[in-house]
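I have placed the structure first, in the form of structure tokens, so that the comments after it can refer back to it.
The numbers here are math on the coordinates, done by the rules we state, and not lab data. Quantities reported herein were computed from a predicted structural model and do not represent experimental measurements. All Cβ positions, even for glycine, are placed from backbone atoms using ideal geometry, and neighbour counts span all protein chains on display.
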């Protein structure tokens, strides 16, 4: 039971952190629970499909299907997060003023929610497919012990939900005005970290071989597999041995997000006034 | 408003183009040496593998069991789920001589090591 609990919790942990942040980001948006729930359910359904076809997926692209699939869905999440930040830079102020004032803002608001629901879906899909494969293997082969395993899995899932709730509650302690800045920075770092992770999957698939030397090794200080290492890995993309390419991708995404936000954010209100 | 739209579209386009450039597959610099390990009845066979140093490796993991396993190694910096009755290949960069341990993340009793010489 403990083994199942640990395995499930470890996988759900990352998704829990991400959903917690997204709940905090969307706290003021009406009907956001529906969207986030749709993201979770969609991701869970996707996870089951991926688990069911895991063997076939692996065989694609001369055995590198899993890596490329992960890189692709992470890429989608990065685009969605970046798009959300850019959209918020343009509309954030109107939105905070009065969400319901203009029909357009509400319509656009659900567009932005769709982007974040996709991010939630991707997070659940990535972590969930491993949980599904693991639990499926347990249920089909270990007949007798499967009940206690199911309990372990269930408790692991509940703990993951607790991580999500704690992240959300923690972020809500920040007053609204600075919270907007904090979540913008969090989302940017999340996007950069996911992009670097996508790069590492492409490196594993040998699709990306440029700049593949390791820049530094902080494994002695903060190993990837420690709890703090895993948390920082999810939140800001920490890894103890980044390659040059991962670092370049990480910094590029931060720079591009910043430039896009400057480009769309600062001028839009002036144009509106005119 | 039009200018902003155009600019942001251009920026999105630039972002997409950058993504494509990153995604273009690079040529394999060096032929990888293949190493094979079988997983059956919750055990790696052989549990001690040998591989040459300073050469990129392709580690083929054959899972003969009826449940999925996750090949994982912290020192090799790899992890990969291998579905029931199937196989997976892991690309490993050129390694320094040494002993690199690995295990099944879904069943930590199953352990083995790659000896690089």
List the residues of region A:1-39 whose backbone N lies under 20 Å from a point placed 7 Å from the Cα of residue A:181 along the Cα-to-Cβ direction. A:24-28
With label points built 7 Å along Cα→Cβ from the Cα atoms of residue B:79 and residue A:147, find their separation and express it in nm. 3.1
Pick from A:260, A:135, A:221 the residue whose mean-square fluctuation is largest in a GNM of chain A, springs joining Cα atoms under 10 Å. A:221
Where Rh is the Kirkwood radius over the Cα pairs of region B:33-116, the temperature 37 °C and the viscosity 0.692 mPa s, what D in µm²/s does Stokes-Einstein return? 264
Between residue A:62 and residue A:241, how many nm apart are label points set 7 Å from Cα along the C-beta direction? 2.4
FRET E, pair residue A:212, residue A:45, Förster distance 45 Å, beta-carbon r, rounded to 0.05: 0.80
Could you work out how far helix A:146-172 tilts from the main Cα principal axis of chain A, as a 0 to 90 degree angle to the nearest 10? 20
Can you give the mean number of other chain Cβ atoms that lie within 10 Å of the Cβ atoms in peptide A:48-58? 3
Please compute, for peptide B:62-75, the average count of beta-carbon atoms on other protein chains lying within 10 Å of each residue's beta-carbon. 3
At a 10 Å Cβ-Cβ cut-off, how would you order B:104, A:212, fewest neighbours first? A:212, B:104
Give the angle, between 0 and 90 degrees and rounded to the nearest 10, that separates the Cα long axis of helix A:244-265 from the longest principal axis of the Cα atoms of chain A. 30
Before rounding to the nearest 500, sum -39500 (n - 2.57) across all DSSP H runs of length at least 4 in chain A and divide by the residue total; then give [θ] at 222 nm in deg cm²/dmol. -28000 deg cm²/dmol
Suppose R0 equals 51 Å; then what is the FRET efficiency for residue A:2 and residue A:255 from their Cβ-Cβ distance, rounded to the nearest 0.05? 0.70
Between helix A:54-63 and chain A, what is the angle of the helix's C-alpha long axis to the longest principal axis, kept within 0 to 90° and rounded to the nearest 10? 80
If you take each beta carbon of peptide A:230-243 and count the beta carbons of other chains within 10 angstrom, what is the mean? 0
Cα-based Rg/(2.2 N^0.38 Å) for chain A, rounded to two decimals, is 1.06
FRET efficiency for residue A:33 and residue A:111, Cβ-Cβ distance as r, R0 = 22 Å, nearest 0.05? 0.80
